[in-house]
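The values are calculated or read from the model by the stated rules, or taken from the named source; none is laboratory data. All values derive from a computational prediction rather than experimental measurement. Here the Cβ is made from the backbone with ideal geometry for all residues, glycine too, and neighbour counts use every protein chain on show.
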C-alpha cells in the first residue's frame, strides 16, 4: 500500500490478527484496553463493525500498529458474506447475526476452549421474552457441548 492508497477493512484485519498473535494478547485483554466488550471488539477488528476514532486509536496503540489503520477501523462496514440468504424475516435476522458475529464467536470460543466447535447435537437453546419499556426483547440462550478437534 502506498501513502495515497487507503487501507481496507480486510487489510486492517490482517494486520490486527498478526499483531494480536505476535503480542500474545487475548480479545478480552484488547477489549479491556480499548474500553469495549470482547465480542464487539473482536467483531470490529474482523471488519464487521465500525469503531469510533478514539476506540480505533486505542486499538492501534495497544497493538503498536500504524495510525494509517484508523480510517479503515472507523469506516462503516459492508456486512456481506457468501451464502444463500433466507427470505423469512425471523430466520434472516438470525442468519444476519451469525453472518456478522459468526467469525467473532468462533474466535472467542476457540480462545476460551481451544481448537474445536460447539455441538449442535449435545445442545440446548432457550428463547425468552424480556419485557423492556423501550420495547420487548428476545433473549436466545444456546448451550452446546464443546467438541475439540482431534488429530490422528
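Here are some notes:
Per-residue answers, yes or no, for (1) within 30 Å of residue 24 (Cβ to Cβ); (2) in contact with a helix residue (DSSP H, G or I) (Cβ under 8 Å, 6 or more places away or on another chain); (3) not assigned by TED's automatic domain parsing to the domain that holds residue 20:
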site: 66; (1), (2), (3): yes, yes, no
site: 95; (1), (2), (3): no, no, yes
site: 100; (1), (2), (3): yes, yes, yes
site: 107; (1), (2), (3): yes, yes, yes
site: 112; (1), (2), (3): yes, no, yes
site: 116; (1), (2), (3): yes, yes, yes
site: 121; (1), (2), (3): no, no, yes
site: 130; (1), (2), (3): no, no, yes
site: 134; (1), (2), (3): no, no, yes
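- Residue within segment 138-146 that is in a helix (DSSP H, G or I) and either in contact with a helix residue (DSSP H, G or I) (Cβ under 7 Å, 6 or more places away or on another chain) or loosely packed, with under 13 Cβ neighbours inside 10 Å (or both) present: no
- Residue that is surrounded by the fewest Cβ atoms within 10 Å (Cβ to Cβ) [pool: residues in segment 73-93 that are part of a helix (DSSP H, G or I) and touching a helix residue (DSSP H, G or I) at 6+ places or on another chain (Cβ under 6 Å)]: 74
- Qualifying residue in segment 30-43 (condition: crowded, with 19+ Cβ neighbours inside 10 Å, outside any helix (DSSP H, G or I) and not assigned by TED's automatic domain parsing to the domain that holds residue 103): yes
- The set of residues from segment 103-137 being farther than 23 Å from residue 151 by Cα and without any contact (Cβ under 8 Å) to a residue 12 or more places away in the chain comprises 129, 130, 131, 132, 133, 134, 135, 136, 137.
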